[in-house]
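Accompanying notes for the structure given below.
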Amino acid sequence: MRVNITVAGVYGLMSLITFVAYYLDKRAARLGRPRTPEVTLHVLEIFGGWPGALVAQRLIRHKNAKLSYQFVFWVIVMVHVAGWAMVWKQT
């Protein structure tokens, strides 16, 4: 039970951080300011922030139309899902 709470906490915290990063990048784009590198956003997604990224893509409509970005994003999601499927299969 404790492991599940910890995992949920990590995903929740990373999702919040990633959502904020998306928001700040969208804001920077609108204001013509320096942007967050895409690799930074992807690293946040890799470390568990992909649910927050997905919400940000839908709510603030950021990074949802760039196909090259979406390809990498969905690969990250699939790796997470496959990893958890393997973990759950072992239990």
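General remarks:
- Short-range pairs are left out: with C-alpha atoms under 8 Å and at least six residues apart, the relative contact order of the chain is 30 percent.
- In degrees, nearest ten, helix 50-59 long axis to first principal axis of the chain (Cα): 40 degrees
- Sparse-neighbour loop sites [trypsin sites (Lys or Arg not before Pro); the range 24-91; at most 15 other C-beta within 10 Å; DSSP]: 35, 61, 66
- Karplus-derived HN-Hα couplings along the range 8-16 (A = 6.51, B = -1.76, C = 1.60, θ = phi - 60°), whole Hz, x at Gly and Pro: 4, x, 5, 4, x, 5, 5, 5, 5
- Answer label for Cα Rg over 2.2 N^0.38 Å (calculated), chosen among [x] 1.63; [y] 2.65; [z] 1.16: [z]
Laboratory data are not the source of any read-out in this text; all were calculated from the coordinates shown. This one's a predicted model, so the numbers in the text were calculated from it and none came from an experiment. As a convention, Cβ positions derive from the backbone with ideal geometry for all residues, glycine included, and neighbour counts pool all protein chains shown.
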